[in-house]
Amino acid sequence: MTAAPLKVAVVGAGYFSQFHLAAWAGIAEAKLVAICDLDAARAKTVADAFGVVAYSDCEAMARTETPDIVDIVAPPSAHVALVRAVLAPGRTIICQKPFCRSTEEATALTEEARRAGALLVVHENFRFQPWHREIRRFLEEDRLGQVYQCAFRLRPGDGRGPDAYLARQPSFQTMPKFLIQETGVHFIDLFRWLIGPVETVFADLRQLNPAIAGEDAGLMILGHRDGARSVFDGNRLSDHVAENPRTTMGEMAIEGEAGILQLDGEGRIFFRRFGEATEREIPVTAPIDRTVFGGGCVAALNRHVVAAMRLGREPENTAADYLTVMAVVDAAYRSATTGEMQRLA
């Protein structure tokens, strides 16, 4: 007998929720049952488009619809209240990043969810981008040998002028901590997933656009347990060669004893063996949906969570695991303030 689809409710109907809603609508093992937003009119408009029920009260939604999964697509300031409103034994709660307003707040909320018997997962989707999954597979097959270093050049080109980010995500303008907490966090998680645990952090951050509150450029160097180094080189005012700069947000190179693996702005992967002059393309085996964010990484993450629930396994990016990423973020800001390398406990 085929198991009934898992019931899903989405909280938050802002800009990025479109990707979550479309993703859930395309997963046969899940059934979208409700949309919740503080703006009741907006919630109804979105809910009507998907043929589900609209709510403006998150607790009432969870009580009435009894969803198996609650997907919270809301800013960090709302995370604690929203997660608490839907806590229930056996329920999976997916919460957007940046996760909470601080590591202390996130730690307390993670423990609260554990005590309630709920599974709390952070929606960290960059590792689910199809090109990054392919790179992980390449490394797991030991085709690069010992990894020496990894570098990602973030160049989305969307941070110029007084109107920077307003058309898409205006909250970016007022975040006091921006480049690392909002964007660099993706690459902290990606680097530790590809290369291993982080032990040291050094960061040099600056603000280029005076129209925003936080930093929008800088360098962050991570030291990994096995001796490898990763570099996040971020500048939101510069761009890179790509039909859509937001496809990959930049370019990456991973160097190892067997050669160098490179990711370009179109999501293509190339490998050049050490000592050779030519490179060859490594096909990305997972499907790439270029009509949505990150090649379809939101849907890939959601499918992963559903599959884990069906199999009784722990998914990637549980909140408990993600606290280590947040510790690196904190260390990066301490380093930028003190000018000193930070060593993680």
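The values are calculated or read from the model by the stated rules, or taken from the named source; none is laboratory data. Treat the numbers as computed from the prediction; the structure is a model and nothing was measured. Because the Cβ atoms are built from the backbone with ideal geometry, glycine has one as well, and the counts that use them run over all protein chains shown. SASA here: full protein model, heavy atoms, side chains in, ligands and nucleic acids out. Shrake-Rupley method; radii C 1.70, N 1.55, O 1.52, S 1.80 Å.
Quick notes on this structure:
- Qualifying residue in the stretch 163-180 (condition: more than 27 Å from L21 (Cβ to Cβ) and basic (K, R)): yes
- The stretch 87-111, subset part of a helix (DSSP H, G or I) and out of contact with any Asp or Glu (no Cβ under 7 Å at 6 or more places or on another chain), residue nearest to A331 (Cα to Cα): E104
Residue by residue, here is whether (1) part of a helix (DSSP H, G or I); (2) of a type outside the set (F, W, Y); (3) over 21 Å from the mean Cα position of the chain (by Cα) holds:
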residue	(1), (2), (3)
A113	yes, yes, no
V122	no, yes, no
W131	yes, no, no
L144	no, yes, yes
Y148	no, no, yes
P156	no, yes, no
G161	no, yes, yes
A167	no, yes, no
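- Residue under evaluation G267, criteria (1) out of contact with any Phe, Trp or Tyr (no Cβ under 6 Å at 6 or more places or on another chain); (2) open to solvent by less than 20 Å² (accessible area, probe 1.4 Å), criterion not met: (1)
- Of all the criteria given as (1) part of a loop (DSSP other than H, G, I, E, B); (2) in contact with a Gly (Cβ under 9 Å, 6 or more places away or on another chain); (3) open to solvent by less than 30 Å² (accessible area, probe 1.4 Å), the one not satisfied by K177 is (3).
- Qualifying residue in the stretch 269-276 (condition: on the phi < 0 side of the Ramachandran plot, part of a loop (DSSP other than H, G, I, E, B) and either touching a residue at least 60 places away in the same chain (Cβ under 8 Å) or under 23 Å from the mean Cα position of the chain (by Cα) (or both)): no
- Tallying residues that are of a type outside the set (A, V, I, L, M, F, W, C), farther than 17 Å from P176 by Cβ and open to solvent by 40 Å² or more (accessible area, probe 1.4 Å) within the stretch 331-345 yields 4.
- T291 more than 25 Å from Y333 (Cα to Cα), β-branched (V, I, T), open to solvent by less than 30 Å² (accessible area, probe 1.4 Å) and free of Cβ contacts under 8 Å to residues at least 60 places away in the same chain: no
- Single residue of the stretch 156-169 satisfying the filter (of a type in the set (D, E, K, R) and farther than 15 Å from Q207 by Cα) that is least open to solvent (accessible area, probe 1.4 Å): R168
- Residue satisfying all of: in the stretch 294-311; open to solvent by less than 70 Å² (accessible area, probe 1.4 Å) and of a type outside the set (A, V, I, L, M); farthest from A28 (Cα to Cα) among these: G294
- Scanning the stretch 224-254 for residues that are without any contact (Cβ under 8 Å) to a residue 40 or more places away in the chain and closer than 16 Å to Y148 by Cβ returns H224, R225, G227.
- The condition of being more than 30 Å from A336 (Cβ to Cβ) and either touching a strand residue (DSSP E or B) at 6+ places or on another chain (Cβ under 9 Å) or touching a residue at least 12 places away in the same chain (Cβ under 8 Å) (or both) does not hold for R206.
- Qualifying residue in the stretch 180-193 (condition: outside any strand (DSSP E or B) and of a type in the set (S, T, N, Q)): yes
- Single condition R229 does not satisfy, out of (1) of a type outside the set (F, W, Y); (2) over 20 Å from the mean Cα position of the chain (by Cα); (3) surrounded by fewer than 16 Cβ atoms within 10 Å (Cβ to Cβ): (3)
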